[in-house]
1. Of the conditions (1) within 16 Å of ligand 1 (Cβ to nearest atom); (2) farther than 30 Å from residue 165 by Cβ, residue 357 clears all except one; give me its number.
2. Out of segment 268-307, which residues are part of a helix (DSSP H, G or I) and surrounded by 22 or more Cβ atoms within 10 Å (Cβ to Cβ)?
3. Which one of these does residue 246 not meet: (1) under 28 Å from residue 389 (Cβ atoms); (2) assigned to a loop (DSSP other than H, G, I, E, B); (3) in contact with a strand residue (DSSP E or B) (Cβ under 7 Å, 6 or more places away or on another chain); (4) away from ligand 2 (no atom under 16 Å from the Cβ)?
4. With the condition kept exactly as written, say whether any residue in segment 401-416 is over 22 Å from residue 23 (Cβ atoms), touching a strand residue (DSSP E or B) at 6+ places or on another chain (Cβ under 8 Å) and surrounded by fewer than 18 Cβ atoms within 10 Å (Cβ to Cβ).
5. Quick one: in segment 158-212, of everything that is away from ligand 2 (no atom under 15 Å from the Cβ) and on the phi > 0 side of the Ramachandran plot, which residue is surrounded by the fewest Cβ atoms within 10 Å (Cβ to Cβ)?
6. Condition first: in contact with a helix residue (DSSP H, G or I) (Cβ under 7 Å, 6 or more places away or on another chain), within 13 Å of ligand 2 (Cβ to nearest atom) and assigned to a loop (DSSP other than H, G, I, E, B). Now tell me which residues in segment 221-239 satisfy that.
7. From the list 390, 405, 410, pick out the single residue that is out of contact with any helix residue (DSSP H, G or I) (no Cβ under 6 Å at 6 or more places or on another chain) and assigned to a loop (DSSP other than H, G, I, E, B).
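Derivation of every value follows stated rules applied to the coordinates shown; laboratory data play no part. Everything quoted here is computed from the prediction, not taken from an experiment. Cβ sites come from the backbone with ideal geometry, for glycine too, and all protein chains shown count toward neighbours.
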Ligand SMILES: Cc1ncc(COP(=O)(O)O)c(C=O)c1O
Ligand SMILES: Nc1c(O)cccc1C(=O)C[C@H](N)C(=O)O
């Protein structure tokens, strides 16, 4: 933690020295408004707006021919997005495709990779993962006639917020077929060591999948080098593709040719697709794991959004993100030490993702008070306030302002006028 006092002057100097500062103008930010929820839904950029409008224009100008004509031909958009995403996750272009959502892609890849046999019938996961992932695992087990109560193992958390990598490795027994973990835990923001876990699982003959929802666009990955078997993610968080934006998936090239568990005509080799045969000839790349017609209007914004990541560079994004979250934690130590807040995310750079996670017994009412003061946090039941300063559009001075607004709310008990319970969307 820093020793010298952080002042407004300190943070202004950080903003002046910030070479990502120029990207702020690319986004629709409201004046005097502090958006700290880009880990749930990122903000609209002008580039994303432009590529979405271009898709509409292509439809207007070309009708059905838009599949192959126009500025952004729809037939190849999922592959193009995959290519553009590959550098963000350390993948080869043919290992990535944008399609579906996290949950549907997870169903697809569990159907593809989970092949219980006499020896291996179990899936290893953790008790802190997002519910949808666990629901998908349970339904896939049931489709195989396996009872989740016996065949789903969930690594327990000691503190209710973080996982011990050693505990995960200890659970890797001979009867486990597949391991699924989040890269960054959605509540606490803990970053799991993907390389270490993958290596340990492979030594035990276990297939490894990761849910990158809370790390893609916030930090770099090396999925190909680390040998991860498959991964899924959404693009509406740090990648700013908009609500319901297209998801993505990665299948390591060592699995090229593996038959998709859930086939559809968009799993086809593109040259053969319109032969309309009843025997699927799958694409020879990650495209094989698509199912049906791509959702073009939910994919097009990502084209523009990814341009920004290419210009900024994911290493620089991570560097600034760490600086922002470190500043936030330092200000908590300096200004909010007696506000009853506890930092739930790991403090070390190599163990935390892109958001800061604060625990407070009145977290729900504090979040409501923050919203009324033009700060957008999010609340996760029962007691977590998540704050995500985003490298491409949050300034250091924004973080400073937010911390003083939070201090004022708690010290002056402004949150007491709100009910300490969640809203419908938390
Ligand atoms: C870790 C994680 N997994 C899964 C989901 C669900 O994703 P989707 O609704 O896009 O399928 C989310 C967020 O909604 C998430 O944060
Ligand atoms: N996917 C969401 C949605 O459809 C509505 C509201 C929020 C979300 C989210 O993405 C929540 C997010 N995954 C989380 O970490 O809590």
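1. (2)
2. 286, 287, 288, 289, 299, 300, 301, 302, 303, 304, 305, 306, listed by residue number.
3. If we test residue 246 against (1) under 28 Å from residue 389 (Cβ atoms); (2) assigned to a loop (DSSP other than H, G, I, E, B); (3) in contact with a strand residue (DSSP E or B) (Cβ under 7 Å, 6 or more places away or on another chain); (4) away from ligand 2 (no atom under 16 Å from the Cβ), just (4) comes out false.
4. Checking segment 401-416: at least one residue is over 22 Å from residue 23 (Cβ atoms), touching a strand residue (DSSP E or B) at 6+ places or on another chain (Cβ under 8 Å) and surrounded by fewer than 18 Cβ atoms within 10 Å (Cβ to Cβ).
5. Out of the qualifying residues, it is 205.
6. Selection gives 234, 235, 239.
7. 390
Rundown of residues vs (1) out of contact with any strand residue (DSSP E or B) (no Cβ under 6 Å at 6 or more places or on another chain); (2) under 26 Å from residue 237 (Cα atoms); (3) crowded, with 18+ Cβ neighbours inside 10 Å, yes/no style:
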site: 85; (1), (2), (3): no, yes, yes
site: 92; (1), (2), (3): yes, yes, no
site: 95; (1), (2), (3): no, yes, yes
site: 119; (1), (2), (3): yes, no, no
site: 122; (1), (2), (3): no, no, yes
site: 142; (1), (2), (3): yes, no, no
site: 147; (1), (2), (3): yes, no, no
